[in-house]
Amino acid sequence: MTIQDDWHNWTVGEAVETAMHQQITRAGHVPGQPGALDGGMTIEALPTWYGGTTFRSALEASWAATLDTLRIAWEYEPETVTLPSGATYIPDFKLPDIGAWLEVKGTGVPRVEKAIEFGKSLACDCDFRSCACWWRGGELVVIGHPPAPYSAWSDPQFADVENINYRAMANAQRRHGGHPNWTSTRGRTLWLTRCQDCNRGTWFDWGQCRACHGPLAGTRGYRPGEAGVEFRRITGPKPAGDESAEAA
Ligand SMILES: [Zn+2]
Ligand SMILES: [Zn+2]
């Protein structure tokens, strides 16, 4: 059995899903423009204000708002990192409560070399299955590309073009049911969900909540188009009529 098979075997209950989505909806408080999490995000490299922080782009501000909705604590560009190669790197978001970092990438911007090097420097040397570190596998770097439904063709486990297993790929596609997956710098597939125990969002590549370290049994990954789990799109330098915005 592979690790991913463990995940596929989690129970899925409609009542659980409904409760999960209602909780997420109640937690939402940002009057942004909601859009599907897999909606086409264009890169708007204009400084964008959200929640007291000025971001380099609307996409980054949108990620901050989305993280708020998911109750994932974030720090924007909190530190400059010197990588093992000597290069300097400023990760976009630190997510301290889930031992993760988020590198925001828009479509058509595939450059992730620094994020990957950073992720490798944070990984522990344990075998993933027997790792007993507080953060299993070490801290995680998530490549925050605009999420798209799962495709077996972009799944690292099917990357061997010499041995294409069409049957396995079709099975994986069917079992995923359209759940978006994210790339971690460990080469593993990540999913996003909301923990039923601590009610916080978390990425996971193992059946354990990264926020509370409880089991994620009974929950499942986010699926596009679900109410309450939307990418919160923030646009414009400052929201009109927002009195909390600092005067220029
Ligand atoms: Zn470890
Ligand atoms: Zn949890």
Residue count for segment 103-145, restricted to those that are basic (Lys, Arg), out of contact with any strand residue (DSSP E or B) (no Cβ under 9 Å at 6 or more places or on another chain) and within 16 Å of ligand 2 (Cβ to nearest atom): 0
Expected single match for charged (D, E, K, R), under 20 Å from residue 204 (Cα atoms) and either under 17 Å from the mean Cα position of the chain (by Cα) or open to solvent by 20 Å² or more (accessible area, probe 1.4 Å) (or both) among 175, 167 is 175
Long-range neighbours under 6 Å by Cβ, at least six apart or interchain, first residue over 21 Å from residue 87 (Cα atoms) within segment 111-139, second within 16 Å of ligand 2 (Cβ to nearest atom) and not in a helix (DSSP H, G or I): 135/99; 136/206
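Out of all the residues in segment 110-162, which are part of a loop (DSSP other than H, G, I, E, B) and within 16 Å of ligand 1 (Cβ to nearest atom)? Don't jump to the end; show me each part of the working.
Going residue by residue through segment 110-162, those that are part of a loop (DSSP other than H, G, I, E, B) are 110-112, 124-127, 131-137, 139, 145-148, 150-151, 155, 159-162.
Of everything in segment 110-162, those that are part of a loop (DSSP other than H, G, I, E, B) and within 16 Å of ligand 1 (Cβ to nearest atom) turn out to be 124, 125, 126, 127, 131, 132, 133, 134, 135, 136, 137, 139.
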Residues to consider are 170, 211; find the one that is modelled with pLDDT of 80 or more and more than 16 Å from ligand 2 (Cβ to nearest atom). 170
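The values are calculated or read from the model by the stated rules, or taken from the named source; none is laboratory data. These numbers come from a predicted model, not from an experiment. Every residue, glycine among them, receives a Cβ derived from its backbone with ideal geometry; neighbour counts consider all protein chains shown. Only protein heavy atoms, including side chains, enter the accessible area calculation; ligands, DNA and RNA are left aside. Shrake-Rupley method; radii C 1.70, N 1.55, O 1.52, S 1.80 Å.
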